[in-house]
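All remarks here apply to the structure that follows.
The values are calculated or read from the model by the stated rules, or taken from the named source; none is laboratory data. It should be emphasised that the depicted structure is a prediction, and the values quoted were computed from it without experimental measurement. Neighbour counts run over all protein chains shown; Cβ positions are idealised from the backbone, glycine included.
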Amino acid sequence: MQDAHMSDGDDIDTRLTSALERKPAVDVPAGFAARVAAQLPVQMAAVAPTTRYGLMAARIAMGVVLVALVVLATHSTGHTLVGVALQWVLYAELVGLAAWLTGVWKPMES
């Protein structure tokens, strides 16, 4: 009795597996894609406004660097090693930002 039950289960598994592995026959009528595309509404091209956050951030950074240089120049920290090094770093940042904003130097585009 148990063998008949196991054989029945194996038969169902075999039939199920063969049904799932069988490739269905697909028949797409000619012009189907054209008819579906014709029914779609016409979409307008989306236009997004150009934002220039990088340029604004660079201009603000130049102002902050200039203020920092004026503050460092007016105080006595410019005579210490740390003060001189900080001024040179700020000068380099100012020159780099100015070169980028004027278009002399363009960073590599990815």
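See the values below:
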item: Where a residue in region 47-66 is within 12 Å of residue 101 (Cα to Cα) and at pLDDT 90 or above and its partner, wherever it lies, is among the small types (Gly, Ala, Ser) and surrounded by 10 or more Cβ atoms within 10 Å (Cβ to Cβ), with Cβ under 8 Å and at least six apart; result: 62/98
item: Only listed residue being under 31 Å from the mean Cα position of the chain (by Cα) and among the polar types (S, T, N, Q), chosen from 74, 80, 102; result: 102
item: Region 82-103 residues that are over 15 Å from residue 63 (Cα atoms), paired with ones that are outside any helix (DSSP H, G or I) and not polar (S, T, N, Q) (beta carbon under 9 Å, 6 or more apart); result: 83/75
item: Filter result for the condition that a residue is at pLDDT below 80, of a type in the set (Gly, Ala, Ser) and part of a helix (DSSP H, G or I), over 4, 19; result: 4
